[in-house]
Amino acid sequence: MNFSDSEIVASVMTTQEYEVSQKAELADVIFLNTCSIRDHAEQRVLNRLRELQHLRKKNPRLVIGVLGCMAERLKSTLLEDDKLGMRIDMVVGPDAYRELPQLLLDVESGQKAINVLLSADETYADIAPVRYTEGGVSAFISIMRGCENFCAYCVVPFTRGKERSRDPRTIVNETRQLLEAGYREVTLLGQNVNSYAWRNSQSETHTGFSALLEKVALTDPGLRVRFATSHPKDISDELIDVMARHTNICPSIHLPVQSGSSSVLERMNRKYSREDYLERIRAIRRAIPDCAISTDIIAGFCGETDEEHQETLSLMNEVGYDFAFMFKYSERPGTLAAKKYADDVPEDVKTRRLDDIIKLQQALSLKSNRRDVGKSFEVLVEGPSKRSPEVVMGRTPHNKVVVFPDKGYQAGDYVNVRINDCSSATLKGES
Ligand code: SAH
Ligand code: SF4
């Protein structure tokens with residue numbers, strides 16, 4: 001999501017005659033688009049901001065700005081040089097990017113600048129994002145902003161504000177422009193895409209996520225369509241049906257479970273139980289038998305017992321995830337969990353549980369990849385592999401990375417590849 005927001009920022013700035021610089025050393029203005037999801041993410045941003053300060057020696061006019069969730073969470077405390085031990089010139093929250101050029105003028109006149117107002121309707125719908133990957137194959141399209149689910153551990157509803165959906169016409173137009181520019185894959189983005197809702201006041205019509213996804217898929221059969229993220233409480237039969245009916249909607253769902261224990265899920269305020277979740281998995285598999293399923297898991301949430309942790313491992317086995325993002329619980333100030341529960345799982349226990357989860361997922365990913373050996377997939381070529389110029393890299397519809405010998409392929413080509421080997425992270429094949 002931040003990658004996508006940075007493209008909006010680049011668009012706002014370049015229409016005001018600023019240029020994107022490829023190197024921080026050459027820039028007169030440096031914006032860091034930040035994440036607050038875990039304490040570790042914030043510490044990395046602070047370290048990076050400290051590293052950047054030395055550039056002021058060579059360029060005394062250098063402006064350093066903090067954008068995004070950390071700006072929204074920490075507000076004017078980021079402008080207190082003494083407390084912070086460094087200078088930051090600008091602090092701009094995720095709904096105020098249109099104001100960036102004006103705020104820069106304020107900084108150039110010698111003041112510090114801040115705008116952290118959240119909006120109930122800003123979707124940047126009319127801003128055509130400047131794509132950082134020129135000549136790219138795959139692009140993100142933001143379809144909604146904010147979140148009002150208030151999962152107990154999560155800072156997002158506080159830093160990104162109210163949920164709001166973007167006009168579907170602007171989403172379809174952006175898709176068409178991307179196709180014309182040579183893109184072959186789009187990922188529709190939102191914190192909870194299943195609650196996408198657009199009401200057209202003139203025609204009195206309502207567009208939900210399934211209808212939007214179908215509209216995007218119908219723009220061109222040669223365009224692959226993906227989406228993230230689905231909340232398990234909201235993923236509907238209608239959506240699964242739309243996925244099953246369109247071959248260019250990739251058979252791949254990211255469905256973050258967070259925990260396999262119903263009692264932990266209740267403390268997390270996720271609004272589904274282990275059984276509800278497994279029922280949704282069965283519904284997906286009934287309609288799309290080979291659908292890839294990935295997830296997010298948090299180890300060591302408040303009050304998590306060893307039995308509850310074991311339930312997460314058993315659910316992982318039951319679903320047989322193809323891929324997972326796995327984290328240690330990190331308490332975020334102001335969230336429901338921080339107010340209501342003690343962060344009482346000791347650090348070494350969190351680490352051990354996360355290790356269990358990672359080890360199990362590696363085994364599950366390897367198992368999933370081994371099942372693909374001997375099969376053929378249509379792979380969308382993304383470019384040369386990092387390791388060797390004679391090998392190209394691409395993805396299967398199931399979002400698995402495949403490497404195979406280059407026979408003069410270009411980024412954007414669809415190639416039929418037979419898989420003959422794999423690791424837990426990559427498939428290897430031949431065309
Ligand atoms: N909207 C998405 C998630 C966005 S945040 C959803 O609901 O699925 C991405 C992931 O970060 C979450 O799924 C969760 O696994 C993790 N996460 C969020 N807050 C966290 C915290 N306080 N500590 C550890 N992991 C966290
Ligand atoms: Fe956070 Fe929950 Fe919203 Fe996802 S759905 S962004 S985890 S509050």
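Carbon-plus-sulfur fraction of the accessible area of the chain, 1.4 Å probe, in percent?
That share works out to 50 percent.
Which residues' amide hydrogens lie under 5 Å from the amide hydrogen of residue 395, considering only partners 5 or more residues apart or on another chain, with H built in the peptide plane?
Correct list: 380, 382, 402.
Please get the size of the charge dipole for the chain, origin at its Cα centre, with Cβ charges of +1 on Lys and Arg and -1 on Asp and Glu, quoted in debye to the nearest 20.
For this selection, approximately 520 debye.
Over all directions, how big on average is the projection of the convex hull of the alpha-carbon atoms in region 2-115, in square nanometres?
Averaging across all directions leaves 6.7 nm² for the Cα convex hull.
Give me the 1.4 Å probe accessible area per residue for region 121-179, excluding ligands and nucleic acids, in Å².
Using a 1.4 Å probe on heavy atoms only, each residue of region 121-179 averages 40 Å².
Taking R0 as 30 Å, what's the FRET efficiency between residue 148 and residue 205 from their Cβ-Cβ distance, rounded to 0.05?
0.80
How many percent of DSSP beta bridges within the chain run antiparallel, rounded to 5?
Roughly 40 percent of the beta bridges in the chain run antiparallel, per DSSP.
Pick from 172, 137, 373: which is most flexible by mean-square fluctuation in a GNM of the chain where alpha carbon atoms under 10 Å apart are linked?
373
Work out from phi, with θ = phi - 60° and the Karplus expression 6.51 cos²θ - 1.76 cosθ + 1.60, the ³J(HN,Hα) of each residue of region 398-406, listed in order in whole Hz, and give x for Gly and Pro.
Karplus-based 3J(HN,Hα) across region 398-406 equals 7, 6, 9, 6, 10, 10, 7, x, 7 Hz.
At 0.36 nm per residue, and after removing the present C-alpha to C-alpha distance, how many nm does the segment from residue 2 to residue 407 gain when stretched out fully?
Between residue 2 and residue 407, full extension yields 142.3 nm more.
How far apart, in nm, are the 7 Å Cα→Cβ label points at residue 43 and residue 81?
The two pseudo-label positions are separated by 2.8 nm.
Past 19 Å, Cα to Cα: identify those pairs from 375/428; 407/428; 375/400; 23/386, in the order given.
Beyond 19 Å: 23/386.
By a straight-distance test (C-alpha under 22 Å), which lysines pair with residue 340 as possible cross-link partners, with residues fewer than eight away in the same chain excluded?
The reachable lysines, counting only those whose Cα sits under 22 Å from residue 340, are 271, 328, 350.
Is the shape of region 130-220 best called rounded, prolate or oblate, per the rule: a/c under 1.5 gives rounded, else a/b larger than b/c gives prolate, else oblate, with a ≥ b ≥ c the square roots of the Cα gyration tensor eigenvalues?
Oblate is the answer for region 130-220, as a/c is 1.5 or above yet b/c matches or exceeds a/b.
Once you place label points 7 Å from the Cα toward the Cβ at residue 128 and residue 279, how far apart are they in nm?
Label at residue 128, label at residue 279, 4.7 nm between them.
For region 153-195, what Kirkwood radius comes out of the mean inverse Cα-Cα distance, in Å?
12.5
Solvent-accessible area of residue 122, probe 1.4 Å, all protein chains present, reported in Å² to the nearest ten, please.
Here the residue's solvent-accessible area equals roughly 30 Å².
By per-residue mean of other Cβ atoms within 10 Å, what is the highest-first order of 233-246, 187-200?
187-200, 233-246
If you average the C-alpha positions of region 13-38 and of region 331-390 separately, how far apart do those two centres end up, in angstrom?
Here the answer is 30 Å between Cα centres.
Of the listed peptides 342-352, 32-42, 362-372, what is their order by residue-averaged count of other C-beta atoms within 10 Å, with the highest listed first?
In decreasing order of mean packing, 342-352, 32-42, 362-372 become 32-42, 362-372, 342-352.
Let's test this: bin the Cα-Cα distances of the chain at 10 Å from zero up to the farthest pair and state each bin's percent.
Reading upward from the zero bin: 4, 19, 28, 28, 17, 4, 0.
For region 2-115, report the accessible area per residue in Å² (1.4 Å probe, heavy atoms, rounded to an integer).
52
Helix-only mean residue ellipticity at 222 nm, the chain, DSSP H runs n ≥ 4 weighted -39,500 (n - 2.57), per residue, nearest 500. What is it?
-10500 deg cm²/dmol
At 0.36 nm per residue, minus the direct Cα-Cα distance, what do residue 17 and residue 325 gain on full extension? Give it in nm, one decimal, please.
Going from the current span to full extension adds 107.0 nm.
Assuming 0.36 nm per residue, please report the length gained on full extension of the stretch residue 378 to residue 51 beyond their Cα-Cα distance.
That works out to 113.4 nm of additional length.
Of the options 74, 24, 103, report the single residue whose Cα projects farthest towards the positive end of the charge dipole of region 20-106 (beta-carbon charges: Lys, Arg +1; Asp, Glu -1).
24
Calculate, for residue 119 and residue 388, the FRET efficiency according to 1/(1 + (r/R0)^6) with r their C-beta to C-beta distance and R0 51 Å; round to the nearest 0.05.
The computed FRET efficiency comes out at 0.60.
How many angstrom lie between the Cα centre of region 391-407 and the Cα centre of region 228-285?
First find each Cα centre; the distance between them is then 27 Å.
If the cut-off is a Cα-Cα distance under 12 Å, which aspartates and glutamates reach residue 233, setting aside same-chain residues fewer than 8 apart in sequence?
Answer for residue 233, where 12 Å is the Cα cut-off: 275, 276, 279, listed by chain and number.
Which one, 85, 383, 208, has the greatest fluctuation when you compute a Gaussian network model over the chain with C-alpha springs under 10 angstrom?
Looking only at 85, 383, 208, the largest GNM fluctuation is found for 85.
The values are calculated or read from the model by the stated rules, or taken from the named source; none is laboratory data. Please read all numbers here as calculations on a predicted model, not as lab measurements. Methodologically, a virtual Cβ is constructed for each residue, glycine included, from the backbone with ideal geometry; neighbour enumeration extends over all protein chains shown. Just the protein is used for accessible areas: all its heavy atoms, side chains included, with ligands, DNA and RNA removed. Shrake-Rupley method; radii C 1.70, N 1.55, O 1.52, S 1.80 Å.
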